[in-house]
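Remarks on the structure that follows.
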Amino acid sequence: MNALNNVAAELLETSAAGYAAAALALLQPGHGATPPGRDGATWKTHFAQRVLELAAAVRVDEPVLFTRRIAWLRRAARARGTGEQDLKRALLSLRTALQREMPDNLRPAITPALDLAVGAFDDALAADPVALDASRPVDRLALRYLTLCLEGKPHEAVELVLAELDHGLAPTAIYTQVLIPAEKEIGELWHVGDVSIAEEHLVSETTRELMALIVAKHAPRRAHDRSLIAASVAGNAHDIGLRAVADLFRLAGWRCLYLGANVPAAELARAAATFEVDLVVLSATLATQLKPLGEAIEAIRSLAPARKILVGGLAFDGLPQLWKQLGADAYAPAIDAAAALGDALVERGQVT
């Protein structure tokens, strides 16, 4: 990370509200009407969030992070039938506002991400990940599980999956082929407006209950001498994927201290030192969480330098080498890769 990018990112973060106001003024020249479907306050919030996302991309000098977020917004607009072209107008307004308002010496740091996002806006969107396919037996189980939850029958959903365990389906397969795919599916359904927040929460809480039952029944009674802390970094409220990772470590015999979501950097470092664990597993979902992730890694290095650090989460999608820049010891691209990577870090001391 170079100094110019760091300064530009800090300015974007501290001045996000001001830059948002400048972009809004360009979106509604002469203080006229905003695009339909959103009022001025909503658009201002939209701009402020885009500025923070731009700051995250600038800080790590990865313009594609910002472009990827804009593509996500395009997908959401398209799925909900709202103005995709209004989103483009807003992006152009933001770029113009920042080009006018940012100090001359900092513009080179922000221009690549803005230009890449604008240039890619009219490109065809990449295909969405393959959804659950009812022709595949395990996918049918995941779909049936989801259906029972959404029908208001979470107890039956839990019993369905537990029965498959009794019939020989491995706990790791339940996690990687049923529960996490089901969570991704419900996330997509919420994303396009096909389920409510209450329905999404019902599925997630049922999944948490089911995970607890699986681990209680199938984790080894005596863990081996390897231990870890697992946490989502400050600002990251998502934790089901992380909990799945921690549970897979437990099933592999590790002693796991699961701290959950939104844990401040200083507390992570203190816990790593106090509990003398071998490994710290950290999760970041959004690009805006890369800064607190970097701060957590730095704090752990300062207070507990012997601890190995494994990172993962959606924030790293498409950027598999970003973990090195942040100072971690390894990156897990999927939940079922984490335990093996953890073993390799503890045994060999490093992963390339």
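Some points to look at:
- Dividing the mean sequence gap of close Cα pairs (under 8 Å, 6+ apart) by how many residues the chain holds gives a relative contact order of 12 percent.
- Only alpha carbons enter this Debye calculation for the chain, each as an equal point scatterer, and the log10 of I(q)/I(0) it gives at q = 0.08, 0.13 Å⁻¹ is -0.45, -1.09.
- Taking Lys and Arg as +1 and Asp and Glu as -1, the other residues whose beta-carbon sits under 13 Å from that of ALA117 total +1.
- Rounded to the nearest 0.05, the FRET efficiency derived from the C-beta distance between ASP166 and ASP343 at R0 = 35 Å is 0.75.
- Solvent-accessible ranking of GLU267, GLU276, largest area first, probe 1.4 Å: GLU276, GLU267
- Rh by Kirkwood over Cα pairs, then Stokes-Einstein D for segment 215-300 at 1.306 mPa s and 10 °C, µm²/s: 122 µm²/s
- Available extension along the chain between ALA21 and ALA3 is 3.8 nm, counting 0.36 nm per residue and deducting the alpha carbon span.
- Taking the centroid of alpha carbons for each part, segment 301-352 and segment 259-273 are 17 Å apart.
- If R0 is 25 Å, the Cβ-Cβ spacing of LYS217 and TRP72 corresponds to a FRET efficiency of close to 0.10.
- Rounded to 0.05, the FRET efficiency of the THR14 and HIS155 pair, given R0 = 45 Å and the Cβ-Cβ distance, is 0.35.
- Shape box of segment 232-352 [Cα atoms, principal axes, largest first, Å]: 33, 29, 26
- Among beta bridges that DSSP assigns inside the chain, antiparallel share in %, nearest 5: 0 percent
- Whole-number D in µm²/s for segment 174-259 (Stokes-Einstein; Kirkwood sum over Cα pairs; 37 °C, 0.692 mPa s): 236 µm²/s
- Between LEU282, LEU257, LEU290, the Gaussian network model of the chain with springs among Cα atoms under 10 angstrom shows the greatest mean-square fluctuation at LEU257.
- Nearest-10 value in Å² for the accessible area of TRP190, using the 1.4 Å probe: 100 Å²
- Label positions at GLN85 and GLN321, each projected 7 Å from the Cα along the C-beta direction, are separated by 4.0 nm.
- Top of THR111, THR288, THR14 by mean-square fluctuation, Gaussian network on the chain, Cα under 10 Å: THR14
- Value of [θ]222 nm, deg cm²/dmol, for the chain, DSSP H segments ≥ 4, -39500 (n - 2.57) each, nearest 500: -19000 deg cm²/dmol
- Surface composition of segment 260-304: carbon plus sulfur atoms contribute 51% of the solvent-accessible area (1.4 Å probe, protein chains only, all chains present).
- Angle between the chain longest axis and helix 16-27 axis [Cα atoms, degrees, rounded to 10]: 50 degrees
- Solvent-accessible area of ARG307 with every protein chain in place, 1.4 Å probe, in Å² to the nearest 10: 40 Å²
- Residue among PRO137, PRO292, PRO333 with the largest mean-square fluctuation in a Gaussian network model of the chain, springs linking Cα atoms under 10 Å: PRO137
- Exposure of THR96 as accessible area (Å², to 10), given a probe of 1.4 Å and all protein chains: 50 Å²
- Average accessible surface for segment 195-304: 43 Å² per residue, computed with a 1.4 Å probe over protein heavy atoms with every protein chain in place.
The values are calculated or read from the model by the stated rules, or taken from the named source; none is laboratory data. Bear in mind the structure is a predicted one, so any value in this text is a computation, not a measurement. All Cβ positions, glycine included, derive from the backbone under ideal geometry; neighbour counts span all protein chains shown. Note: accessible area is taken over every heavy atom of the protein model, side chains too, but ligands, DNA and RNA are not part of it. Shrake-Rupley method; radii C 1.70, N 1.55, O 1.52, S 1.80 Å.
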